[in-house]
Amino acid sequence: MQRLQTVLIPLTALVLVTGCATKKPPVSQPTTQVPAPSPFPGAGGSTAPTSTTERPPAPPPVPDTGGAVSSDPLASKTPEEINSNSPLKPVFFAYDSDELDDLARQTLNDNAKVLKTYGTWVIAIEGHCDERGTAEYNLALGDRRALAARNYLLSLGVEAARIKTVSYGKEFPFDPGHQEASWAKNRRAQFMVTAKQQ
């Protein structure tokens with residue numbers, strides 16, 4: 001009996017101690033939230049961490065050419081190739097006249113713009129006539145027609161050194177017909193590119 005008491009008393013004490021013990025609530029650790037860095041520097045008073053690696057410089061901007069094509073097809077052509085589909089248009093004259101009408105002046109205005117764009121072109125202005133009249137008379141008339149076109153181009157600022165004149169009279173008709181519709185095409189000053197200055 002004494003032996004039983006020796007075992008039960010410590011056992012009872014142990015049960016009482018563990019059964020009656022109160023659990024302490026867990027101690028909560030203070031939570032400190034660190035705000036996430038803003039992707040935009042200066043927003044909300046915080047800045048994103050900076051990298052120690054520097055960003056490479058941006059490439060230079062590409063120049064704006066306005067959609068223009070960089071290579072001009074006429075720039076590399078020979079005078080013969082230019083003349084085969086020339087941007088320089090002929091001017092036409094009334095019968096037995098070297099006077100420039102409004103249409104002839106407008107054509108010469110357009111030709112002057114082309115010549116200023118292509119400042120290396122040297123041209124010949126050919127004076128032509130229809131088949132009527134003598135060869136001598138038509139040579140003189142063709143010369144006056146070529147000079148009238150040349151003088152108008154000079155008044156628009158085209159350099160004199162770039163313009164030569166020649167008269168062919170009635171020798172090279174554009175249209176070989178023998179009626180007014182053909183003759184009207186043959187009374188002309190025609191423009192030919194003869195060389196390119198360096």
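Within the range 164-198, which residues are polar (S, T, N, Q) and more than 19 Å from Ala94 (Cβ to Cβ)? If you could, list the steps in order and put the result at the bottom.
So the first thing to find is which residues in the range 164-198 are polar (S, T, N, Q), and the list is 165, 167, 179, 182, 186, 190, 194, 197-198.
Matches in the range 164-198: Thr165, Thr194, Gln197, Gln198.
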### Query
Does Arg162 fit the bill of being within 21 Å of Thr78 (Cα to Cα), surrounded by 14 or more Cβ atoms within 10 Å (Cβ to Cβ) and of a type outside the set (Gly, Ala, Ser)?
yes
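Could you please let me know if Gly169 is surrounded by 16 or more Cβ atoms within 10 Å (Cβ to Cβ), on the phi > 0 side of the Ramachandran plot and at pLDDT 95 or above? Spell out how you get there, then give the answer.
Values: surrounded by 16 or more Cβ atoms within 10 Å (Cβ to Cβ): yes; on the phi > 0 side of the Ramachandran plot: yes; at pLDDT 95 or above: yes.
Spelling it out, Gly169 is indeed surrounded by 16 or more Cβ atoms within 10 Å (Cβ to Cβ), on the phi > 0 side of the Ramachandran plot and at pLDDT 95 or above.
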### Message
Any residue at all in the range 104-112 that's under 32 Å from the mean Cα position of the chain (by Cα), of a type in the set (Lys, Arg), surrounded by fewer than 18 Cβ atoms within 10 Å (Cβ to Cβ) and at pLDDT 95 or above?
### Response
yes
### Task
Taking Trp183 as the residue in question, decide whether it is modelled with pLDDT of 95 or more and over 42 Å from the mean Cα position of the chain (by Cα).
yes
### Task
Could you give me the residue pairs with C-beta distances under 7 Å whose first residue belongs to the range 63-86 and is over 15 Å from Thr117 (Cα atoms) and at pLDDT 90 or above, whose second residue is among the polar types (S, T, N, Q) and not in a helix (DSSP H, G or I) wherever it lies, and which are 6+ apart or on separate chains?
Pro79/Thr194
### Query
Is it the case that the range 121-136 has a residue that's under 24 Å from Pro73 (Cα atoms), surrounded by 21 or more Cβ atoms within 10 Å (Cβ to Cβ) and either free of Cβ contacts under 8 Å to residues at least 40 places away in the same chain or not hydrophobic (A, V, I, L, M, F, W, C) (or both)?
no
### Query
Of the residues that make up the range 145-152, is at least one under 29 Å from Pro73 (Cα atoms) and either β-branched (Val, Ile, Thr) or in contact with a Gly (Cβ under 9 Å, 6 or more places away or on another chain) (or both)?
yes
### Task
Give the residues of the range 96-108 that are touching a Phe, Trp or Tyr at 6+ places or on another chain (Cβ under 9 Å) and closer than 12 Å to Tyr152 by Cβ, sorted by residue number.
Glu99, Leu100, Asp101, Ala104, Arg105, Thr107, Leu108
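The values are calculated or read from the model by the stated rules, or taken from the named source; none is laboratory data. Predicted model only: the values in this text are computed from it and were never measured. Every residue, glycine among them, receives a Cβ derived from its backbone with ideal geometry; neighbour counts consider all protein chains shown.
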